[in-house]
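One structure below.
The values are calculated or read from the model by the stated rules, or taken from the named source; none is laboratory data. Computed from a predicted model, the values in this text were never measured in an experiment. When we count neighbours, we look across all protein chains shown, and the Cβ atoms used for this are built from the backbone with ideal geometry, even at glycine.
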Amino acid sequence: MDFSNILNIAYLGPKASFSEMARDAFCEKYNINTFSTPLKTIPEVVDFVDKNPFTLGVLPVENSIDGTLRASLDCLMYTKNPNIRILSELVLPIEYCLLSRTTEFYSITGIIGTPYLLGKCQDFIKHEMPLNLNIIECASMSECAANLSNYNLTYGSIGNKKTAETYMLNVLKENINDDKTNQTRYILIGDFETFPTKNDKTTLCFATKHEPGALLEVLKIFLENEINLTYIASRPAKHNLDEYMFIVNFDGHIHEKRILNVLNQVKPKTILFRFLGSYEKNMLD
C-alpha cells in the first residue's frame with residue numbers, strides 16, 4: 001500500500017498509550033511519516049477518518065483477556081464513506097513496567113497507578129514491593145507518569161515502555177503484570193485499497209431476514225465453497241432489538257476470484273451487507 005500522501009493518523013489516546021505503540025508499529029511497517037492526532041474515544045477516531053480524506057486510524061479491536069472491543073467494529077459498520085475499511089492488523093503484547101526517575105529499584109517506597117493498573121499488577125506489588133508501600137491512584141497511565149515529578153525519587157509509576165520514552169523515565173522492572181500472555185489486536189483503517197499477500201483474512205458485516213434458516217443459508221455458502229470461517233459474532237441492530245448484525249472473519253482476500261464469488265452469493269441473501277476489509281493476517285495468527 002502506498003501511504004505517501006497521508007496527512008494524519010489518528011489513534012485512541014492519550015499519548016504514551018498502547019494505541020500509540022500500535023501506531024508506531026504501523027508507521028514503521030508502512031514507512032509512514034506524518035502528523036498524529038490522539039483522540040479520546042473510538043467513535044472519534046472512526047469519525048475523524050470518515051470525515052478527513054488521506055487519513056488513517058488506529059483502533060483496538062480485541063483483547064486476549066477482555067474479549068472483543070465492540071465499539072471499533074460497530075463504528076466501522078456505519079461510516080458515511082463506505083470505502084473506510086480495515087487495511088492491516090497487528091497483535092501487541094500488553095506489558096506493564098515499573099517506571100521511575102531513579103535507577104534504584106530497591107529504593108522505591110511508593111507507587112502511582114490507576115485502579116485498573118494496580119489490579120493488573122497485584123502479584124508484583126504483593127511479592128516484590130515493600131509491605132508498607134504507599135499507593136497513589138491517578139486517572140490514566142500518562143497522568144501517573146506525569147505525577148512522578150510531584151514526588152521524591154523513591155516513587156515509581158506503572159506504565160509501558162512508550163510511557164518511559166515519552167516522560168523520560170527509567171524502566172526499573174519489565175512485564176510486572178500478573179497475566180504474562182495478555183495481548184491486544186489493533187487495526188489500521190482508512191480509504192485505501194489492499195492487495196493479496198497469500199496470508200489474508202476478510203471481515204464482513206451483514207444482516208439477514210428475521211426468519212428461520214436465514215443465517216444458515218449464508219453460512220452454507222462458506223461451507224460449500226470450503227471457506228474457513230475464523231470468527232463469527234452477533235450485534236443487536238441499532239434500530240431494532242429483535243434484529244441482529246453478524247460479523248465474520250474468514251481466510252482469503254476479496255481480490256481472489258473464489259472469495260469474490262462467495263461474497264456475490266452472500267449479498268443477495270442479506271438485507272444489509274458491508275465489506276469491512278481484506279488485509280494481511282498478523283503473523284501470530
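Worth pointing out:
- Flag for Asn175 being at positive phi and outside any strand (DSSP E or B): yes
- Any hit, the stretch 59-72, residues being touching a Leu at 6+ places or on another chain (Cβ under 8 Å) and either among the small types (Gly, Ala, Ser) or over 27 Å from Asn182 (Cβ atoms) (or both): yes
- Pairs, first at pLDDT 95 or above and assigned to a strand (DSSP E or B) in the stretch 201-212, second small (Gly, Ala, Ser) and surrounded by fewer than 21 Cβ atoms within 10 Å (Cβ to Cβ), C-beta under 7 Å, six or more apart: Thr202/Gly252
- Evaluated against (1) in contact (Cβ under 8 Å) with a residue 60 or more places away in the chain; (2) closer than 17 Å to Phe18 by Cα, Thr55 falls short on exactly one condition, (2).
- Picking from residues in the stretch 88-104 that are of a type outside the set (Gly, Ala, Ser) and within 13 Å of the chain's Cα centre (by Cα), the one that is nearest to Cys121 (Cα to Cα) is Ile94.
- Subset of the stretch 33-52 [at pLDDT 95 or above, surrounded by fewer than 19 Cβ atoms within 10 Å (Cβ to Cβ) and among the β-branched types (Val, Ile, Thr)]: Thr37, Thr41
- Just one of the listed residues (Ile158, Ile108) is buried (at least 20 other Cβ atoms within 10 Å of the Cβ) and over 31 Å from the mean Cα position of the chain (by Cα), namely Ile108.
- Each residue in the stretch 53-94 was checked for being more than 20 Å from Thr202 (Cβ to Cβ) and surrounded by fewer than 17 Cβ atoms within 10 Å (Cβ to Cβ), and 9 pass.
- Applying the condition of being without any contact (Cβ under 8 Å) to a residue 24 or more places away in the chain and more than 18 Å from Glu217 (Cα to Cα) to the stretch 230-279 and asking which residue is surrounded by the most Cβ atoms within 10 Å (Cβ to Cβ) yields Pro236.
- Lone qualifier among Asn81, Asn160 - being modelled with pLDDT of 95 or more and either assigned by TED's automatic domain parsing to the domain that holds Ala22 or in contact with a His (Cβ under 6 Å, 6 or more places away or on another chain) (or both): Asn81
- Selection from the stretch 1-27 of residues that are modelled with pLDDT of 95 or more, surrounded by fewer than 19 Cβ atoms within 10 Å (Cβ to Cβ) and among the charged types (D, E, K, R): Asp24
- Top-ranked residue in the stretch 11-50 [being under 26 Å from Cys138 (Cβ atoms) and β-branched (Val, Ile, Thr); ranked as farthest from the chain's Cα centre (by Cα)]: Thr37
- Extreme residue, farthest from Thr230 (Cα to Cα), among residues of the stretch 253-273 that are out of contact with any Gly (no Cβ under 9 Å at 6 or more places or on another chain) and not in a helix (DSSP H, G or I): Ile271
- Screening Ile86, Ile112, Ile135 for residues that are within 27 Å of Leu272 (Cβ to Cβ), in contact with a Leu (Cβ under 9 Å, 6 or more places away or on another chain) and part of a strand (DSSP E or B) leaves exactly one candidate, Ile86.
- Any chance Thr230 is outside any strand (DSSP E or B) and within 25 Å of Pro93 (Cβ to Cβ): no
- Number of residues in the stretch 229-267 that are closer than 23 Å to Leu69 by Cα, out of contact with any Cys (no Cβ under 9 Å at 6 or more places or on another chain) and not charged (D, E, K, R): the value is 14.
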